[in-house]
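Comments concern the structure below.
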Amino acid sequence: MAQAQEDSDLLNVIKENREQSSNNRIDDEHVHELLRRKLKSKPCQNQGFILDGYPKRVEQAKELFAKSGDGDEEEEEEKDGLSYEKALMPEYLIVLDASDEFLKERVMNLSESVVGVHNSQDNFMRRLRVFREDNLDDATVVNYFDEMEVHPHRFDVSVDKSFNHHDIADKMASLIGKPRNYGPTKDELEESRRREKEEQTRRDDEERLERERKDVEEAADRIRRQNEWADRLRTVKQEEHEMMEAQSTPMRNYLMQHVMPTLTQALIECCKARPEDPIDYLAEYLFRHNPQVD
């Protein structure tokens, strides 16, 4: 109940401050108080948050993230003489860069349904001029976060030609990572890492066994192909031998019947006589004893 009453009181103060403002705006101190309460809420602390377009000036950033003095000292840190609440400091800083001409052209091409007074060309150019004046040299919101070790990730929207800048959106989503709900405890993180390690080990073992199985199958298949090739080679050689045998039988019979008897006897007589010219002796002998010559 006390928290609800504090929230109600703050809303009343903000409403009164806005009514008293000449430009219908809320003072920074009330905006910061409202944002700090929201950023410290359980949904923001566990699920995360996105600050879009705020803070716009270095002074706003320093006041918004400055330590309040009523929090846990462990949640407060100091960088370069600037103290801040660690729980409020964002984890990522994304900067979308573009030239003034690109932004002006983009506003001019907005549909009438979203232009209104706030996004008219004159109003936009005024707000852009104020932003440039508030972020000169090193006194920029980006440099403030950089000094707090929240280094910027820059994306040039003018070079992204994808529909609705989907390419940049994909890069930002990849940078931030998967959506997170309530953060896991240290024990849960350790258990998750243990399961991931076991799963990786299991996958590695399965891949190793699969490689070994394929190696065994490939070796068996290689031996089978070699045996098949050897069998084919033996079959071809056997067929060639049988064919040569079949082709040589008539020739052998012819030689045994008509040539070998006379030639054998001629060789025997040549060995007995041992002539000086055995070739001439054999020729003369075969000529004289040719059975086909009378």
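The values are calculated or read from the model by the stated rules, or taken from the named source; none is laboratory data. None of the values given here were measured: they were computed from a predicted structure. Glycine also receives a Cβ, built like all others from the backbone with ideal geometry; neighbour counts cover every protein chain displayed. Each accessible area value is taken on the protein alone, full model and side chains, heavy atoms only, with ligands, DNA and RNA left out. Shrake-Rupley method; radii C 1.70, N 1.55, O 1.52, S 1.80 Å.
Numbers for the structure displayed
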item: The listed residue being surrounded by 10 or more Cβ atoms within 10 Å (Cβ to Cβ) and under 30 Å from E91 (Cβ atoms), out of E207, E269, E188; result: E188
item: Long-range neighbours under 9 Å by Cβ, at least six apart or interchain, first residue closer than 18 Å to H166 by Cα and among the hydrophobic types (A, V, I, L, M, F, W, C) within segment 96-111, second open to solvent by 60 Å² or more (accessible area, probe 1.4 Å) and outside any helix (DSSP H, G or I); result: L96/R154; L96/D156; A98/D156
item: Every residue from segment 122-142 that is exposed (fewer than 11 other Cβ atoms within 10 Å of the Cβ) and either in contact with a helix residue (DSSP H, G or I) (Cβ under 7 Å, 6 or more places away or on another chain) or over 21 Å from L110 (Cβ atoms) (or both); result: E133, L136, D137
item: Unmet requirement for D160, which otherwise passes all of (1) within 30 Å of K56 (Cβ to Cβ); (2) surrounded by 11 or more Cβ atoms within 10 Å (Cβ to Cβ); (3) more than 23 Å from the chain's Cα centre (by Cα); result: (3)
item: Filtered residues of segment 275-291 (kept if part of a loop (DSSP other than H, G, I, E, B) and touching a residue at least 12 places away in the same chain (Cβ under 8 Å)); result: H289, N290, P291
item: Conditions (1) at pLDDT 90 or above; (2) open to solvent by less than 70 Å² (accessible area, probe 1.4 Å); (3) outside any helix (DSSP H, G or I); number of the one not met by R154; result: (2)
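Per-residue answers, yes or no, for (1) surrounded by 13 or more Cβ atoms within 10 Å (Cβ to Cβ); (2) modelled with pLDDT of 80 or more; (3) in a strand (DSSP E or B):
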| site | (1), (2), (3) |
| --- | --- |
| Q3 | no, no, no |
| E6 | no, no, no |
| E19 | no, no, no |
| E29 | no, yes, no |
| I50 | no, yes, no |
| A61 | yes, yes, no |
| E91 | no, yes, no |
| K104 | yes, yes, no |
